[in-house]
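Here is the structure we will look at, set down as structure tokens.
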Amino acid sequence: MADSFRVALSGDFKKADGSPTYPDFDLGPLKSAPGVEMVFIDSASPIKAEQLEDFDALILLAHRFGRESVPKSRRLAVIARFGVGYDTVDVEACTDADIALVITPDGVRRPVAVSIVTLMLALTGKLMIKDKLTREAATGFAKRSDHMGVGLVGRTLGALGIGNIGAELFRLVRPFDMKFIAHDPYADKAVAKELGIELVSIEDLFRRSDVLSVSCPLTPDTRHIVNAERLALMKPTAYIINTARGPIIDQKALTEVLQKRAIAGAGLDVLEAEPPDPNDPILTLDNVILAPHALCWTDQCFAGNGAADVRAVIDVQHGRVPRGVVNRKVLESARFKERLDKFAQRFGK
């Protein structure tokens with residue numbers, strides 16, 4: 001298929017035995033798309049440039065794509081990342097090579113927001129403690145009164161970031177009758193107004209939140225933006241939740257705060273090191289709920305991510321600008337526009 005639109009899938013989409021890592025990712029529409037040739041490349045992280053020399057598109061799971069991964073042929077036009085995090089991809093290298101980097105906000109918006117709500121309800125309802133008490137039978141039942149939950153009506157829900165996921169969180173929580181605050185220098189003020197969110201300084205966010213969700217991307221500016229100084233501003237009754245990226249929080253500082261019980265607790269779907277060191281002290285704490293960066297992983301989430309990636313790849317094949325482009329600058333590139341025009345001529349708009 002010399003004249004085909006060639007799509008590579010990173011090797012981690014397959015298990016060692018050749019079976020799909022995530023069966024809910026339906027590759028049927030890609031396999032049946034006219035003019036498309038689909039190939040799984042060998043597992044390598046970072047991906048090697050020579051693996052991509054003859055491909056027009058890459059659907060990328062967890063493997064890294066660095067500057068050394070850019071093929072010399074300059075044929076690669078789009079990288080469709082499976083999910084919304086792109087800290088494993090050198091965005092600048094993609095832009096320099098006229099490669100559009102696409103993420104899947106529609107696939108994760110609701111599942112991640114639901115996982116934040118899950119952690120909030122589990123923390124404030126003392127779910128983990130009560131589960132343990134129940135397993136102690138009569139001894140545990142006798143201690144029920146010592147572990148009263150926290151009601152949410154009138155409490156303040158704060159978010160560090162109100163983009164795609166942060167805004168969805170507030171939509172879901174509307175019936176809980178909480179107060180909404182957020183800090184986001186890039187906030188869409190119209191969205192904030194629509195959802196009844198008060199935009200505040202980062203210091204006020206930490207001071208006022210009863211439940212604080214970290215819902216921003218990991219960038220050089222946000223790495224350790226949640227530090228000892230800001231954690232010290234939080235109420236002793238407050239909870240912090242992170243479903244974004246582990247390094248946004250200084251985990252050592254958070255561990256110390258939790259050990260001292262300076263805040264009520266934390267819900268973490270992400271950690272600074274994944275997987276964590278078995279001796280990491282945060283694993284021993286009873287006032288933190290942990291998940292292995294997978295709380296939002298559902299059949300619907302993965303089906304949605306896969307469908308969005310396939311749609312992005314097919315859009316590029318037909319000369320259309322895909323949704324979810326991270327490096328918007330590339331869309332103004334003469335070379336990228338020329339690629340889209342040629343694809344449209346070959347495969348139809």
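Report whether or not Thr255 is hydroxyl-bearing (Ser, Thr, Tyr) and modelled with pLDDT of 95 or more.
Against the criterion (hydroxyl-bearing (Ser, Thr, Tyr) and modelled with pLDDT of 95 or more), Thr255 qualifies.
Among what's in region 153-162 and is among the hydrophobic types (A, V, I, L, M, F, W, C) and open to solvent by less than 50 Å² (accessible area, probe 1.4 Å), pick the residue that is farthest from the chain's Cα centre (by Cα).
That would be Leu157.
Can you tell me which residue is farthest from the chain's Cα centre (by Cα) among those in region 187-243 that are among the basic types (Lys, Arg) and part of a loop (DSSP other than H, G, I, E, B)?
Selected residue: Lys235.
Taking region 95-107, which residues are open to solvent by less than 10 Å² (accessible area, probe 1.4 Å) and of a type in the set (Val, Ile, Thr)?
Within region 95-107, Ile99, Val102, Thr104 meet the criteria.
I'd like the full set of residues that are of a type in the set (Val, Ile, Thr) and under 20 Å from the mean Cα position of the chain (by Cα), limited to region 72-95.
If the condition is that a residue be of a type in the set (Val, Ile, Thr) and under 20 Å from the mean Cα position of the chain (by Cα), then Val78, Ile79, Val84, Thr88, Val89, Val91 are the ones that fit.
Pick out the one residue from Leu283, Leu271, Leu331, Leu258 that is assigned to a helix (DSSP H, G or I), out of contact with any Asp or Glu (no Cβ under 6 Å at 6 or more places or on another chain) and surrounded by 19 or more Cβ atoms within 10 Å (Cβ to Cβ).
Leu258
When the residues of region 41-57 are filtered to those that are in contact with a helix residue (DSSP H, G or I) (Cβ under 6 Å, 6 or more places away or on another chain) and closer than 13 Å to Leu9 by Cα, which remaining residue is surrounded by the fewest Cβ atoms within 10 Å (Cβ to Cβ)?
That would be Asp42.
Find all pairs meeting these conditions: Cβ atoms under 9 angstrom apart; at least six residues apart or on different chains; first residue within region 128-152 and surrounded by 10 or more Cβ atoms within 10 Å (Cβ to Cβ); second residue in a loop (DSSP other than H, G, I, E, B) and of a type in the set (A, V, I, L, M, F, W, C).
Listed by first residue and then by second, the contacts come to Leu133/Ala142; Glu136/Ala142; Val150/Ala264; Leu152/Met178.
Could you check region 163-179 and list, in sequence order, the residues that are at pLDDT 95 or above, in a loop (DSSP other than H, G, I, E, B) and open to solvent by less than 60 Å² (accessible area, probe 1.4 Å)?
Scanning region 163-179 gives a single hit, Met178.
Are there any strands (runs of 3 or more DSSP E) wholly within region 1-116 with 3 or more residues that are under 30 Å from Asp269 (Cα atoms) and either touching a Ser or Thr at 6+ places or on another chain (Cβ under 8 Å) or at pLDDT below 95 (or both), and if so which?
Answer list for region 1-116: 57-60.
Determine which single condition Leu123 fails, assuming it passes every other condition in (1) in contact with a Gly (Cβ under 8 Å, 6 or more places away or on another chain); (2) crowded, with 16+ Cβ neighbours inside 10 Å; (3) farther than 20 Å from Ala264 by Cβ.
Unmet for Leu123, out of (1) in contact with a Gly (Cβ under 8 Å, 6 or more places away or on another chain); (2) crowded, with 16+ Cβ neighbours inside 10 Å; (3) farther than 20 Å from Ala264 by Cβ: (3).
Residue under question is Glu92, and the condition is that it be among the acidic types (Asp, Glu), exposed (fewer than 14 other Cβ atoms within 10 Å of the Cβ) and under 21 Å from Arg245 (Cβ atoms); does it hold?
Spelling it out, Glu92 is indeed among the acidic types (Asp, Glu), exposed (fewer than 14 other Cβ atoms within 10 Å of the Cβ) and under 21 Å from Arg245 (Cβ atoms).
The values are calculated or read from the model by the stated rules, or taken from the named source; none is laboratory data. Fair warning: this is a prediction, and the values are worked out from it, not measured in the lab. Neighbour counts run over all protein chains shown; Cβ positions are idealised from the backbone, glycine included. In case anyone asks, the SASA skips ligands and DNA or RNA and just uses the protein heavy atoms, side chains included. Shrake-Rupley method; radii C 1.70, N 1.55, O 1.52, S 1.80 Å.
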